[in-house]
Amino acid sequence: MQLPRYIAHRGLSAHAPENTLAAIQAASDAGCKWIELDVQCLGDGTPVIWHDARVDRCSNGQGALIDMTRDDIRSLDVGSWFSVDFRGERMALLDEALSLVSALDMGLNLELKLNVGHDPVQLVDVAVHRARQVLPQDRLLVSSFDMTALEHARSQDDTLALGLLYEAIPRRWASDAERLRPTSVHADWTQLDQERLIEIQAAELAMLCYTVNDPERFASWWDHGVTGVFTDDPALFDARYQRQLRGDGRRKPR
């Protein structure tokens, strides 16, 4: 699997409401080849693209996702909180998102989001199965903080590309990797540890960092071997590169 240098976090979430079909389309329009999306199940088992345990932050409604059904979420406006330009945007079903990603010929990091009360086995059985049916093997990476979910995913598919997702990479990461045979390790870039990064490189695994929206502060980590980043706006990195070419950035081209 050839992972990209930049992955649009929750779609192009700097320019469209996160985890929506609009954000997927915006990422493609901006030239992004890969995106990251969160998936979890409603109370009736319907898989949807959503990050939070509740709908309060990113919709005009209130309540826990686990208490909702497919009919309930269809009445929510999940775009107006971001901008009036996205008024009427609806919560994306997993099937809708997969269909759009496939049509746009993009790669997808699908994060299995396990908020309190959700069943990791159910989520894997529904979400990963559907994703594997729609996307080719080299354009699907499945990640999660939940090791039970990743273990079940691995037991169901020996060839699935997995990403071990952490905040700070723990010392036990190597035992997780031995058990789960991942393609990549993902971590909060502000908690990166150079010693862990060296270990990951030695294991020949990709290292992806989230959520990087400050290219200048992050710059030195490229030299330490980071493979790629999740960012709300990949154009930030293009802008930094253009500044370097003009000679008004912190680093000047050699």
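The values are calculated or read from the model by the stated rules, or taken from the named source; none is laboratory data. Because the structure is a prediction, the values reported are computed rather than measured. Because the Cβ atoms are built from the backbone with ideal geometry, glycine has one as well, and the counts that use them run over all protein chains shown.
General observations
- Single match in Ala153, Ala202 (criterion: surrounded by 15 or more Cβ atoms within 10 Å (Cβ to Cβ), at pLDDT 95 or above and among the small types (Gly, Ala, Ser)): Ala153
- Qualifying residue in region 139-146 (condition: part of a helix (DSSP H, G or I) and either closer than 18 Å to Thr183 by Cβ or out of contact with any Phe, Trp or Tyr (no Cβ under 6 Å at 6 or more places or on another chain) (or both)): yes
- Among the numbered conditions (1) more than 15 Å from Pro47 (Cβ to Cβ); (2) at pLDDT below 95; (3) of a type outside the set (S, T, N, Q), the only one that Leu162 does not meet is (2).
- Within region 123-137, the presence of at least one residue that is surrounded by fewer than 15 Cβ atoms within 10 Å (Cβ to Cβ) and either touching a His at 6+ places or on another chain (Cβ under 9 Å) or part of a loop (DSSP other than H, G, I, E, B) (or both) is confirmed.
- Within region 162-191, the set of residues being over 11 Å from Ala206 (Cα atoms), crowded, with 20+ Cβ neighbours inside 10 Å and small (Gly, Ala, Ser) comprises Ala187 only.
- Remark: pairs (first residue in region 119-133, basic (Lys, Arg); second residue in a helix (DSSP H, G or I) and crowded, with 18+ Cβ neighbours inside 10 Å; Cβ separation under 7 Å; 6+ apart in sequence or on different chains) = Arg130/Leu94; Arg130/Leu98.
Here is a yes/no grid of residues against (1) of a type in the set (Gly, Ala, Ser); (2) closer than 19 Å to Ala161 by Cβ; (3) at pLDDT 95 or above:
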residue	(1), (2), (3)
Asp67	no, no, yes
Lys113	no, yes, yes
Val116	no, no, no
Val121	no, no, yes
Arg132	no, yes, yes
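- Meets criteria (part of a strand (DSSP E or B) and under 22 Å from Phe145 (Cβ atoms)) for Leu110: yes
- Enumeration of residues in region 184-212 that are assigned to a loop (DSSP other than H, G, I, E, B), without any contact (Cβ under 8 Å) to a residue 60 or more places away in the chain and more than 10 Å from Val226 (Cβ to Cβ): Asp193, Ala203, Glu204, Leu205
- Ser75 in contact with a Leu (Cβ under 6 Å, 6 or more places away or on another chain) and either within 23 Å of Phe237 (Cβ to Cβ) or not aliphatic (A, V, I, L, M) (or both): no
- Residue in region 71-82 that is surrounded by fewer than 22 Cβ atoms within 10 Å (Cβ to Cβ), closer than 25 Å to Trp34 by Cβ and of a type in the set (S, T, N, Q) present: no
Yes or no, residue by residue, for (1) among the polar types (S, T, N, Q); (2) closer than 30 Å to Val185 by Cα; (3) touching a Pro at 6+ places or on another chain (Cβ under 6 Å); (4) modelled with pLDDT under 95:
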{"site": "Gly45", "(1), (2), (3), (4)": "no, yes, no, no"}
{"site": "Asn60", "(1), (2), (3), (4)": "yes, no, no, no"}
{"site": "Gly63", "(1), (2), (3), (4)": "no, no, no, no"}
{"site": "Ser83", "(1), (2), (3), (4)": "yes, no, no, no"}
{"site": "Arg139", "(1), (2), (3), (4)": "no, yes, no, no"}
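- Residue that is surrounded by the fewest Cβ atoms within 10 Å (Cβ to Cβ) [pool: residues in region 21-69 that are touching a residue at least 24 places away in the same chain (Cβ under 8 Å) and polar (S, T, N, Q)]: Thr69
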